[in-house]
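Participant: Just dropping this structure here.
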Amino acid sequence: MTFATDDRALPLVAAVAAMAVIPGAVMEWAASEPVAVSSVAHFGFVLAGALAAAVASTILTVAGARRRDGRTVLLGTAFSTMTALLAVHGLATPGVLAGQNGVVAFAGAASLPAGAFVLALSALPALRRPRHIRPLIAAQVALAAAILLLGASALAFPSLVPPVPTTGGTGAYALLVSGVALLALIGVRAARTWQLTRRPADLIAVAGLAWLAIALAVQMTVPYTQLAFYLGHALELAGVIALGLPAALDLRRGAASRPLVGDLGATDLVTQEESFLGPRVGALVVRLGEKDAATEGHTRRVAMLSVQVGEALGLPRRRLRRLALGGLLHDMGKLSVPSSVLTKPGPLDDAEFAEIRKHPEAGERLLRELGGFAPGVRRLVLDHHERLDGSGYPRGLSGEQLDVETRILAVCDVYDALVSDRIYRSAWTPERALALLRDANLFDQSCVAALERLIAPSFVADVARPAPAPRLRPAPRRA
């Protein structure tokens, strides 16, 4: 997996990287600074973290139950598990409700790895839409209750729990390695999600996971007599909040927490464009639909086909995002085309076709004037009618001048235009449309083959390869 990004995102990436790294440097300094913190202060630090985790757990569980989304319920279980262990850790603080005991170390050490383990389970496909939500909620309640009961028993009978893991001991390092590995797994999910969405909150989740890893490392290696131990608790609280932020944003949009679950696909960008590509994209698509519903439907289908072909060809996620945007926006220039031309029921005359040919440049100019669209997206809008042999428009590019995304978009654009009913002609069959696309002078055949595998699995092996269908000018011209 690559984490390369465009220049516009570099300041955000740098800022989040600093957010993730600087606390580690602070902890390194604070680890050598002795401090005397009262038991009550430690109790307050830990209970604040438990309260934050409890709030996140309640919101996630209720939302998951209402939507019958097992992944969201499991995310709530992860936070409730952390809540229970942190509560036991805080209540076991020596000098508050109990004397010296091993519960405080055991519960504190287990809270983050246990929560991370449950979070890691949220990617299981069976939890996408389980048949029964109640067993998941019952398991969540039972797990939290069992932890609290065991904690209370151990406080009542301190000899039940040995004072392990000892700070800096073998057990502590084993727990540290396993916990960090689980948090890193979730971090990779969050980073992959950000590559598609480019939402700052998804990248902040990566920083939050880094904070939890640093907090765990401090807890496992630094004694409670040092300042870093208590700063680690504060960092743990900040990490829980950073994970809760994107979860709350996704729940408001009616979805599971994408950075934590990590199953966001490029097709989701098309089906939920306003959630993941921004309100401006949604507004532009709505404007296009108000002008011509057929063109708006065409752009959505082209965007969906394009990202599916891109996935089949192994494009990295940042380029799939570019394809999703380019597909949804490629015909935005038709907003400037007169409706009398756009919806004419017959063939276009030369003047009308000249008007249609202006839409790629008009679309690119619109996005440039609006600002905030990457050069790669604007290039797709400008070049989607270019052809490999240089016969396309508006720039007459050819061959290596056309990148893979442009080649994919060109193929999917023409295919959907041909197989859709238009006001001036009936839809072609998929076989006939594919026959036209097999012209290697015009279209990239690796893109055509990937599209063919996606749309025609039942007839690809049996279809006779006819000679290319007649290249009827009105059909591809008005795509």
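The values are calculated or read from the model by the stated rules, or taken from the named source; none is laboratory data. Just so it is clear, the model here is predicted, and its values are computed rather than measured. As a convention, Cβ positions derive from the backbone with ideal geometry for all residues, glycine included, and neighbour counts pool all protein chains shown.
Participant: When only residues in the range 79-94 that are among the aliphatic types (A, V, I, L, M) and assigned to a helix (DSSP H, G or I) count, which is surrounded by the fewest Cβ atoms within 10 Å (Cβ to Cβ)?
Facilitator: Quick first cut of the range 79-94, residues among the aliphatic types (A, V, I, L, M) only: 82, 84-88, 91-92.
Checking the rest, the ones that are also assigned to a helix (DSSP H, G or I) come to 82, 84-88, 91.
Values: M82: 31, A84: 27, L85: 27, L86: 30, A87: 23, V88: 26, L91: 21.
Restricting to residues being among the aliphatic types (A, V, I, L, M) and assigned to a helix (DSSP H, G or I), the top hit is L91.
Participant: Which residue is surrounded by the most Cβ atoms within 10 Å (Cβ to Cβ), if the candidates are limited to the range 378-436 and must be in a helix (DSSP H, G or I) and of a type in the set (S, T, N, Q)?
Facilitator: Going through the qualifying residues, I end up with T406.
Participant: Looking at L212, L149, can you tell me which residue is within 36 Å of the chain's Cα centre (by Cα) and either under 23 Å from H42 (Cα atoms) or assigned to a helix (DSSP H, G or I) (or both)? I'd like the intermediate steps shown before the answer.
Facilitator: On the way: L149 fails: within 36 Å of the chain's Cα centre (by Cα).
That would be L212, the only listed residue that is within 36 Å of the chain's Cα centre (by Cα) and either under 23 Å from H42 (Cα atoms) or assigned to a helix (DSSP H, G or I) (or both).
Participant: Let me ask something else. Can you name every residue in the range 180-190 that is surrounded by fewer than 20 Cβ atoms within 10 Å (Cβ to Cβ) and among the small types (G, A, S)?
Facilitator: Within the range 180-190, the first condition is being surrounded by fewer than 20 Cβ atoms within 10 Å (Cβ to Cβ), and the residues that meet it are 181, 184-185, 188.
Of everything in the range 180-190, those that are surrounded by fewer than 20 Cβ atoms within 10 Å (Cβ to Cβ) and among the small types (G, A, S) turn out to be A181, A184.
Participant: For V285, are the conditions met, namely being surrounded by 18 or more Cβ atoms within 10 Å (Cβ to Cβ), in a helix (DSSP H, G or I) and modelled with pLDDT of 85 or more?
Facilitator: Taking the combined requirement at face value, the residue satisfies it.
Participant: Looking at the range 213-230 only, could you name the residues that are out of contact with any Pro (no Cβ under 8 Å at 6 or more places or on another chain) and more than 17 Å from G169 (Cβ to Cβ)? It would help to see each step written out before you state the result.
Facilitator: Looking only at the range 213-230, we keep the residues that are out of contact with any Pro (no Cβ under 8 Å at 6 or more places or on another chain), and these are 213, 215, 217-219, 221-224, 228, 230.
A213, A215, A228, Y230, listed by residue number.
Participant: OK, next. Within the group V381, V414, which residue is hydrophobic (A, V, I, L, M, F, W, C) and under 24 Å from E452 (Cβ atoms)? Break it down into steps so the answer makes sense when it comes.
Facilitator: Numbers: V381 fails: under 24 Å from E452 (Cβ atoms).
Exactly one of V381, V414 is hydrophobic (A, V, I, L, M, F, W, C) and under 24 Å from E452 (Cβ atoms), namely V414.
Participant: Quick one: which residue in G333, G297 is at pLDDT 90 or above, surrounded by 19 or more Cβ atoms within 10 Å (Cβ to Cβ) and of a type in the set (G, A, S)? So that I can check it myself, show each step before the final result.
Facilitator: Numbers: G297 fails: surrounded by 19 or more Cβ atoms within 10 Å (Cβ to Cβ).
None of the others qualify; the one that does is G333.
Participant: Condition test on G314, is it out of contact with any Cys (no Cβ under 7 Å at 6 or more places or on another chain) and part of a helix (DSSP H, G or I)? Let's see the steps before the verdict.
Facilitator: Working: out of contact with any Cys (no Cβ under 7 Å at 6 or more places or on another chain): yes; part of a helix (DSSP H, G or I): no.
Against the criterion (out of contact with any Cys (no Cβ under 7 Å at 6 or more places or on another chain) and part of a helix (DSSP H, G or I)), G314 does not qualify.
Participant: Would you confirm whether any residue within the range 61-69 is in contact with a Phe, Trp or Tyr (Cβ under 8 Å, 6 or more places away or on another chain) and either at pLDDT 85 or above or in a helix (DSSP H, G or I) (or both)?
Facilitator: Of all residues in the range 61-69, those in contact with a Phe, Trp or Tyr (Cβ under 8 Å, 6 or more places away or on another chain) come to none.
The answer is no; no qualifying residue exists.
Participant: Related question: So D462 fits all but one of (1) modelled with pLDDT of 90 or more; (2) over 26 Å from L315 (Cα atoms); what number is the exception?
Facilitator: Here D462 meets the rest and fails (1).
Participant: Just give me the residues in the range 440-455 being at pLDDT below 90 and under 19 Å from H385 (Cα atoms), in sequence order. Please lay out each step first, then the result.
Facilitator: Let us first name the residues in the range 440-455 that are at pLDDT below 90, namely 440, 455.
Answer for the range 440-455, where residues must be at pLDDT below 90 and under 19 Å from H385 (Cα atoms): just A440.
Participant: Among the residues of the range 122-153, what is the count of those that are within 28 Å of I214 (Cβ to Cβ) and modelled with pLDDT under 80?
Facilitator: In the first step, residues of the range 122-153 are kept if they are within 28 Å of I214 (Cβ to Cβ); the result is 122-124, 140, 143-144, 147-148, 150-151.
Checking the rest, the ones that are also modelled with pLDDT under 80 come to 122-124.
Here the count works out to 3.
Participant: Could I ask something else about it? Scan L325, L284 and give me the residue that is over 20 Å from the mean Cα position of the chain (by Cα), of a type in the set (A, V, I, L, M, F, W, C) and within 25 Å of D403 (Cβ to Cβ). Working first, answer last.
Facilitator: Numbers: L325 fails: over 20 Å from the mean Cα position of the chain (by Cα).
Result of the check over L325, L284: L284.
Participant: Right, next: Is there a residue being among the β-branched types (V, I, T) and outside any helix (DSSP H, G or I) anywhere in the range 23-43? Explain how you work it out, then say what you get.
Facilitator: Going residue by residue through the range 23-43, those that are among the β-branched types (V, I, T) are 26, 35, 37, 40.
Retained after the next criterion (residues that are outside any helix (DSSP H, G or I)): 35, 37.
Scanning the range 23-43, I find at least one residue that is among the β-branched types (V, I, T) and outside any helix (DSSP H, G or I), so the answer is yes.
Participant: Right, here's the next one. If the requirement is being assigned to a helix (DSSP H, G or I), touching a residue at least 12 places away in the same chain (Cβ under 8 Å), within 30 Å of L251 (Cα to Cα) and under 27 Å from the mean Cα position of the chain (by Cα), which of these qualifies: A48, A52? Walk me through how you get there before you give the answer.
Facilitator: Numbers: A48 fails: under 27 Å from the mean Cα position of the chain (by Cα).
Selected residue: A52, the only one of A48, A52 that is assigned to a helix (DSSP H, G or I), touching a residue at least 12 places away in the same chain (Cβ under 8 Å), within 30 Å of L251 (Cα to Cα) and under 27 Å from the mean Cα position of the chain (by Cα).
Participant: If I ask for residues that are surrounded by fewer than 15 Cβ atoms within 10 Å (Cβ to Cβ) and either outside any helix (DSSP H, G or I) or of a type in the set (D, E) (or both), which ones from the range 269-282 would you list?
Facilitator: E274
Participant: Might you let me know whether the range 72-92 holds any residue that is over 26 Å from V141 (Cα atoms) and either assigned by TED's automatic domain parsing to the domain that holds L136 or not basic (K, R) (or both)?
Facilitator: Here is the first cut: in the range 72-92, the residues over 26 Å from V141 (Cα atoms) are none.
No, the range 72-92 contains no residue that is over 26 Å from V141 (Cα atoms) and either assigned by TED's automatic domain parsing to the domain that holds L136 or not basic (K, R) (or both).
Participant: Can you list residue pairs whose Cβ atoms sit under 7 Å apart, with the first residue in the range 77-99 being touching a residue at least 12 places away in the same chain (Cβ under 8 Å) and the second being surrounded by fewer than 24 Cβ atoms within 10 Å (Cβ to Cβ) and assigned to a loop (DSSP other than H, G, I, E, B)? Count only pairs 6 or more apart in sequence or on different chains.
Facilitator: L91/L97; A92/N101; P94/Q100; P94/N101
Participant: Right, next: State all residues of the range 302-317 that are buried (at least 17 other Cβ atoms within 10 Å of the Cβ), without any contact (Cβ under 8 Å) to a residue 40 or more places away in the chain and not hydrophobic (A, V, I, L, M, F, W, C); if no residue qualifies, say none.
Facilitator: Of everything in the range 302-317, nothing turns out to be buried (at least 17 other Cβ atoms within 10 Å of the Cβ), without any contact (Cβ under 8 Å) to a residue 40 or more places away in the chain and not hydrophobic (A, V, I, L, M, F, W, C).
Participant: If you don't mind, another one. Given the criteria under 23 Å from R287 (Cα atoms), touching a Cys at 6+ places or on another chain (Cβ under 8 Å) and not hydroxyl-bearing (S, T, Y), does G372 qualify? Don't jump to the end; show me each part of the working.
Facilitator: On the way: under 23 Å from R287 (Cα atoms): yes; touching a Cys at 6+ places or on another chain (Cβ under 8 Å): no; not hydroxyl-bearing (S, T, Y): yes.
It is false that G372 is under 23 Å from R287 (Cα atoms), touching a Cys at 6+ places or on another chain (Cβ under 8 Å) and not hydroxyl-bearing (S, T, Y).
Participant: Within the range 437-447, which residues are assigned to a loop (DSSP other than H, G, I, E, B) and of a type in the set (S, T, N, Q)? Quick ask: steps written out before the conclusion?
Facilitator: Start the filter on the range 437-447 by keeping residues that are assigned to a loop (DSSP other than H, G, I, E, B), which leaves 438-444.
Correct list: N441 only.
Participant: So which pairs qualify, if the first residue must be in the range 359-382 and closer than 15 Å to A303 by Cα and without any contact (Cβ under 8 Å) to a residue 24 or more places away in the chain, the second must be assigned to a helix (DSSP H, G or I) and aliphatic (A, V, I, L, M), the Cβ gap must be under 6 Å, and the two must be at least 6 apart or on different chains?
Facilitator: From residues that are closer than 15 Å to A303 by Cα and without any contact (Cβ under 8 Å) to a residue 24 or more places away in the chain, the pairs are R378/L367.
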